[in-house]
Amino acid sequence: MYRYTLCLLKSENEVLLLNREKSPAMGLWNGVGGKIESGETVEASVCREVFEETGYKIEHPLYKGEVVLHGEQQVGMHLFVVEVTKHEAADKVQRTREGILEWKRIDWVLHPDNMGIISNLKQYLQPMLDHPMPRRHTFRYDGHELLTYTHDQLDEASSIVHKTR
């Protein structure tokens, strides 16, 4: 079981991203999420984290799989996406205790010259949006250098959807 969640809030062709002010990934744009608290379900954790970091109250985010990072340690997180309607003030940059929130166009996020996005998000965002079934996204690193990235469909037996509902 992984200890973290990550959620991408999507509105049409944009996603809400957080530019973190602290480690890990300080100064890079990423989705929102965090650590699953003791006794908390994965879905409850992602809903809590989204509300704490963005102010959006979400229910039943769509489970999109998992991200596994192999490097000095193995870290994993449950991946979610939720379609939302942007708040009235959503076109303004919002400063939070975690960093800066801003809506970004998906094509901007994926642009090959964009160095401000956490590297693994640039890899799994399009497959996550293109494939309806949950997928496992596996990354292997040497330090901060990405060595390999693969993704494949999760089978129903390993899918968190069946474990949380």
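Observations, loosely collected:
- Across 64/86; 86/122; 10/122; 57/86; 35/64; 10/35, pairs whose alpha-carbon gap is larger than 19 Å: 64/86; 86/122; 10/35
- Over the chain, relative contact order from alpha-carbon pairs under 8 Å, at least 6 apart, %: 26 percent
- Exposed GluC sites (Glu not before Pro) absent: longest stretch of the chain, with sites in DSSP loops and at most 15 other Cβ within 10 Å deemed exposed: 89-165
- Ligands, DNA and RNA are left out, and with a 1.4 angstrom probe the accessible area of the range 14-136 is 52 Å² per residue.
The values are calculated or read from the model by the stated rules, or taken from the named source; none is laboratory data. Quick caveat, the model's predicted, so the values are computed rather than measured. Every residue, glycine among them, receives a Cβ derived from its backbone with ideal geometry; neighbour counts consider all protein chains shown. Ligands, DNA and RNA are stripped out before the accessible areas are found, and what is left, the full protein with its side chains, is counted by its heavy atoms. Shrake-Rupley method; radii C 1.70, N 1.55, O 1.52, S 1.80 Å.
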